[in-house]
Amino acid sequence: MELWATGGVVEYTTEFTESGTIRSFELDPNMKIPSTLISEGTSDKEYSNNSLMVDGEMVPLFKEIDEKEHKLEL
């Protein structure tokens, strides 16, 4: 599997766990930002859950926005 970040393929290490895999890599090799891609799921592929941590912080999949603040005026 190739892991792409910041416009290119990055090297990573893989650790297998009972619930899935943990891939550790540096988001930006020049800045050495530690990052982790956590994949959990069942062996029969019934479900899969992926999470991304960058510099120890969980990156949210979605961000709630206030629609009033972002309303386009035409």
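Seen from residue 5, the other residues with C-beta closer than 14 Å to its C-beta sum to a net charge of -3, counting Lys and Arg as +1 and Asp and Glu as -1.
Protection proxy ranking of 14-20, 56-62, by the mean of other Cβ atoms within 10 Å over each peptide's residues and highest first, is 14-20, 56-62.
Here the label points at residue 61 and residue 28, each 7 Å from Cα along the C-beta direction, are separated by 2.7 nm in the simple model. Panel order for 10, 54, by other beta carbons found within 10 Å of each beta carbon, from fewest to most: 54, 10. Relative contact order, whole percent, for segment 3-59 stands at 23, derived from Cα pairs under 8 Å and 6 or more residues apart. Once backbone amide H atoms are built at 1.01 Å from N, residue 27 has 33, 35 as its partners under 5 Å, excluding neighbours fewer than 5 places away on the same chain. Taking the Cα centre of segment 3-59 as origin and assigning +1 to Lys and Arg Cβ atoms and -1 to Asp and Glu Cβ atoms, the resulting dipole is close to 140 debye.
Just so you know, all these numbers are worked out from the coordinates, no wet-lab data involved. This is a predicted model, so every value here is computed, not measured. Please note: Cβ atoms are built from the backbone with ideal geometry, for glycine as well, and neighbour counts cover all protein chains shown.
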